[in-house]
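Written out below as structure tokens is the structure these notes cover.
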Amino acid sequence: MAQYVNRFNTFERVLHWTVALSFFILVFTGLGLFAHSFFEYFDFFGGPQQGILFHKWAGIIFFVSSVLLFVSNVKETCRFDKDDVTWITKGGGYLSRKEQQIPQGKYNAGQKLFGLFSFAATLVMGATGLVIWNPAAMDRGLTQFSLMFHGLFFVLFMMGAVVHIYLGSIGNPGTLEGMLWGQVRKVWAKKHHIKWFKEVSGD
Ligand code: HEM
């Protein structure tokens, strides 16, 4: 019997890593724009002018790929049932020493919330980014408001991304395999996403 089950196809993996790579380019170039202490990050991109250009292009790539990632996951991300409520009230079992298995679909409730947050934050970053693209052409009040929200959502997005990256890698061994190679171990699928596993394997 095969040990593995398919989780993500090539398109889904390329899309996810496009989101992740453009996100990191945005973080490093964005930090250069955000505070003087990070100004030297622009050296990695060939100076401040090229850094800003990288930020703008990465912003477009991130916006499009992140919206596409949400659209391609919309069914799994937006449907919450009573098992998801249990998952949320128990903090996904992460707050207890006892092993807890709460039946979950393709994504657990925490992943669904991150997916929804990521989509909303992408829209806010995109809209405010467009306003501050060329500040001289925009109303001063609107520019200041957009700068504030661009910075605020950057901090929130970073916090969400740090948790996401930890839980998607060393926090839950076996999870990253799916996003790297497309397949996950059946024991992993049964442990973390039993409802999804039953659906795809017919077990
Ligand atoms: C090194 C960086 C990253 C790693 C290691 C990583 C890892 C993963 C893994 C392993 C999955 C699949 C989880 C599963 O099979 O249950 C996943 C899904 C996902 N990732 Fe990432 N990721 C990274 C960066 C990002 C970034 C920067 C974003 C968005 C800004 C993002 C957004 C998502 C979304 C929306 C999903 C779908 C499931 C969900 O909503 O959590 N990822 N990621």
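Any read-out appearing in this document is the output of simple, stated calculations on the displayed coordinates, not a laboratory observation. This is a predicted model, so every value here is computed, not measured. Heads up, the Cβs are rebuilt from the backbone with ideal geometry, glycines too, and the neighbour counts pull from every protein chain shown.
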query: Using 7 Å Cα-to-Cβ label points, what is the Asp83/Lys191 separation (nm, one decimal)?
result: 1.7 nm
statement: Candidate span helices, the chain: DSSP H, at least 27 Å along axis from Cα coords, Kyte-Doolittle average at least 0.5, result 10-34, 48-72, 109-131, 140-167
- line: Note to self: Kirkwood Rh of the chain, Cα pairs, one decimal, Å, is 18.8 Å
- prompt: So which lysines can Lys191 reach, going by Cα to Cα under 17 Å and dropping same-chain residues fewer than 8 places off?
  reply: Lys90, Lys98, Lys106
query: What chymotrypsin sites (Phe, Trp or Tyr not before Pro) in the range 88-149 are in a loop by DSSP, with at most 11 other Cβ atoms within 10 Å of the Cβ?
result: Tyr94
- line: Neighbour-count ranking for Met125, Met138 (other C-beta within 10 angstrom, fewest to most) reads Met138, Met125
- prompt: Going by how many other Cβ atoms sit within 10 Å of their own, how do Arg7, Arg97, Arg13, Arg79 line up, fewest first?
  reply: Arg97, Arg79, Arg13, Arg7
- line: For the pair Lys56 and Leu156, the simple spin-label estimate (label points 7 Å beyond Cα toward Cβ) gives in nm 2.7 nm
field: Formal net charge of residues neighbouring Thr175 (Cβ-Cβ distance under 13 Å; K, R +1; D, E -1)
entry: +3
